[in-house]
Amino acid sequence: MATTHHETRHRLSWLALALAAQSIAPIALAQTHSVTPTLGARASVSDNATQAADGATKRSETTLSVSPGLNLAYRSANSRLEGQVQLTSVNYLEGTQADRVLPTGLVLFRTDLGGQGFGLDASLAAEQVRSTFGAVTAGTPNTADSYTNTRFRISPFLDRPLSEFTRLTARLERTQVRSSANDDALASRPNTHTDGASVRLLRRPTRIGYALDANYQDDRAGQASTRIYTERLAKATLLYALTPEIEVGAFAGRESSQVFSQRFSDSVKGLQLSWRPGERTQVELMAEDRFYGRGWLAQVSHRTPFLAFGVNTSRQVDTYTNNVGGTLTSSGGTRGLLDAILTTRIPDEAERRRAVEELMLKRNLPAGLGSSRDLYDLNAQLRQATSARLAFMGRRTITTLATGFNRAAPVDQASATSILGPGNRTREQYSDLDVNHRLTPLTVLNGGLRWSRTRTAGLTLLGSEVRTREFAVRAGLGLTLSPQSTLTFGMRHQRGQAGNANRVIENIVFVGLDHRF
């Protein structure tokens with residue numbers, strides 16, 4: 001889909017606004033209110049910008065990127081807003097791709113209206129994703145084969161205690177996703193949206209308690225609002241406190257779901273466990289029987305003043321609207337792990353957030369951990385995901401590690417011929433390691449390894465299958481020029497192979513400057 005003049009003007013207006021913000025000092029409305037302008041510049045040289053396979057003609061490219069942005073933080077008695085927004089102007093000096101202005105960022109807002117239990121959650125996110133799940137990853141910004149996903153979510157809610165142990169919660173939710181092609185040659189993608197509603201009455205167990213839940217979800221796509229997935233579920237849970245730290249539960253209920261024209265109605269039953277042996281450790285387990293078979297959700301996390309890790313695994317129905325923006329969430333990324341490590345040392349949340357941002361800038365740490373692939377499939381998917389993330393902070397070294405496995409397939413096998421396009425069976429395995437070592441008070445050495453494998457099998461008569469293998473190594477040096485400025489330079493070598501094609505090898509050298517005003 002071609003980028004319209006309206007979209008171009010919209011992005012340029014935000015770029016002008018962000019550039020104007022560079023000329024002012026950080027605005028401090030109060031101790032917990034701040035707007036900090038940022039500016040990043042990066043130059044990179046690639047010897048294979050078009051990702052030509054061995055034996056084909058390779059083209060080198062010099063890419064210049066300028067990224068003005070804003071770091072936002074606002075906190076009052078009843079409201080909170082935080083996030084980072086950035087507009088990156090990408091310019092290709094050799095003309096291998098079209099120049100573009102690309103937005104990225106995540107802004108979160110929450111307010112509790114007057115402390116009466118009524119409130120509003122909202123979020124706005126933007127990111128760039130590759131057009132094909134199994135494509136070999138580019139080492140530099142890519143506009144010829146990528147889309148910009150913009151995700152907006154708004155959710156009014158009620159959260160009110162009825163007694164010391166009883167609480168009523170209710171929530172309405174609207175999520176919209178807009179995908180814009182970054183190159184005229186790419187096909188357009190329909191917009192998608194999800195409407196949801198939920199109600200819960202919870203009686204916390206002093207020994208015995210209960211929970212009553214009702215949920216509704218409706219996912220649609222395109223101007224014709226084609227139905228993708230609809231779910232209605234009601235269940236009752238009996239809770240029992242074995243100890244003050246251990247709580248178990250058993251639940252049962254009914255569900256009615258629709259996947260395109262296919263309808264499913266079945267009973268729901270399952271077990272759950274919550275164990276919190278201390279404020280630093282949390283274990284949440286849930287297993288259930290649904291119309292699609294066995295489902296589960298498990299989360300284990302632990303933190304110390306030097307270490308934080310988390311393990312997550314799930315098997316549930318998901319849609320593209322709900323899955324978009326997963327790479328932007330901070331809870332499982334580097335920021336979330338560093339925040340957990342610093343919780344004991346810096347109890348104040350606002351001060352801790354500033355300390356995390358200081359570390360991210362001065363140590364040139366990667367924001368994302370783990371999978372960065374976007375699975376574009378409008379069919380309702382049965383997704384199974386397992387991931388482990390770890391961060392260690394020593395006196396001079398910070399190490400982050402992520403590894404995981406993802407699997408997805410259409411819930412309804414007949415959706416292979418749906419009007420929303422063919423469904424695919426996909427698998428992904430990945431491992432991502434980053435080591436950051438402080439050589440001197442002003443100099444940082446960092447390096448990393450990444451390995452991934454993917455498999456895409458189309459549900460067609462031909463049974464086509466594509467496998468992708470990738471490996472990348474990176475190394476860099478960071479120099480603190482001032483408390484607000486950091487200079488980085490380094491190299492990256494990567495190789496990948498998709499299907500039976502020849503290998504794609506790319507080498508990149510880069511230099512970058514980041515500054516906060």
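A short reminder: the numbers here are calculations on the coordinates, not readings from a lab. Predicted model, so just to flag it, every value in this text is computed and none were measured. As a convention, Cβ positions derive from the backbone with ideal geometry for all residues, glycine included, and neighbour counts pool all protein chains shown.
Mind listing the long-range amide H neighbours of LEU102? Cut-off is under 5 Å, sequence gap 5 or more, other chains count too, H placed in the peptide plane at 1.01 Å from N.
Amide H neighbours of LEU102: THR88, SER89, VAL90.
Enumerate the amide H contacts of ILE228 below 5 Å, restricted to partners 5 or more residues apart or on another chain; note that Pro and chain-start residues carry no placed amide H.
ASP219, ARG220, ALA221
How large is the convex hull of the C-alpha atoms of the stretch 27-129 per residue, in Å³? All intermediate terms of the calculation are to be shown ahead of the outcome.
Details: hull volume 11.7 nm³, N = 103.
Convex hull of Cα atoms, per residue: 114 Å³.
Which one, THR194, GLN97, THR226, projects farthest toward the positive side of the charge dipole computed for the chain from Cβ point charges (K/R +1, D/E -1)?
Highest projection toward the positive end goes to THR194.
Assuming a viscosity of 1.306 mPa s and a temperature of 10 °C, what translational diffusion coefficient in µm² per second does Stokes-Einstein assign to the stretch 145-193, Rh being the Kirkwood radius over Cα pairs?
For these conditions, the coefficient is 115 µm²/s.
Scan the stretch 63-140 for GluC sites (Glu not before Pro) in coil per DSSP, keeping those whose Cβ has at most 14 other Cβ atoms within 10 Å, and list them by number. All intermediate terms of the calculation are to be shown ahead of the outcome.
Details: sites: GLU82, GLU94, GLU127; in loops: GLU94.
Filter output for the stretch 63-140: GLU94.
Please give the per residue volume of the convex hull enclosing the alpha carbon atoms of the stretch 5-516, rounded to a whole number of Å³. Walk me through the intermediate numbers first.
Numbers: hull volume 78.8 nm³, N = 512.
In the stretch 5-516, the Cα hull volume divided by residue count equals 154 Å³.
Rank by packing, highest mean first: peptides 177-190, 157-170, with packing defined as the count of other Cβ atoms within 10 Å averaged across residues.
Numbers: 177-190: 17.1, 157-170: 13.4.
Highest-to-lowest ranking by the protection proxy: 177-190, 157-170.
Let me spell out the model: positive unit charges on the Cβ of Lys and Arg, negative unit charges on the Cβ of Asp and Glu, origin at the Cα centre of the stretch 5-516. What dipole size does that give, in debye rounded to 20? Intermediate results must be reported in sequence, preceding the final value.
Numbers: 61 positive and 46 negative charges, 154 e Å.
About 740 debye.
So what is the orientation-averaged projected area of the stretch 270-368, using the convex hull of its C-alpha atoms, in nm²?
Working: hull surface 31.2 nm².
Answer in nm², one decimal: 7.8.
Output the direction-averaged projected area (hull surface divided by four) of the convex hull of the alpha-carbon atoms of the stretch 198-353, in nm². All intermediate terms of the calculation are to be shown ahead of the outcome.
Details: hull surface 45.5 nm².
Across all orientations, the stretch 198-353 yields a mean hull projection of 11.4 nm².
Enumerate the calculated ³J(HN,Hα) couplings along the stretch 295-307 in order (Karplus 6.51 cos²θ - 1.76 cosθ + 1.60, θ = phi - 60°), each rounded to whole Hz, writing x wherever the residue is Gly or Pro.
Values, residue by residue: x, 7, 8, 9, 9, 10, 9, 8, 9, 9, x, 10, 9 Hz.
Hand me the trypsin sites (Lys or Arg not before Pro) from the stretch 186-265 located in a DSSP loop with no more than 16 other Cβ atoms within 10 Å, in residue order please. Show your work: numbers first, answer last.
Details: sites: ARG200, ARG203, ARG207, ARG220, ARG227, ARG232, LYS235, ARG254, ARG263; in loops: ARG207.
Filter output for the stretch 186-265: ARG207.
For ASN48, list long-range residues whose amide hydrogen, built 1.01 Å from N in the peptide plane, is under 5 Å from its own amide hydrogen.
GLU61, ASN507
Students often forget the sequence filter, so: which lysines lie under 16 Å Cα-Cα from LYS269 once same-chain residues fewer than 8 apart are removed?
Straight-distance partners of LYS269: LYS235.
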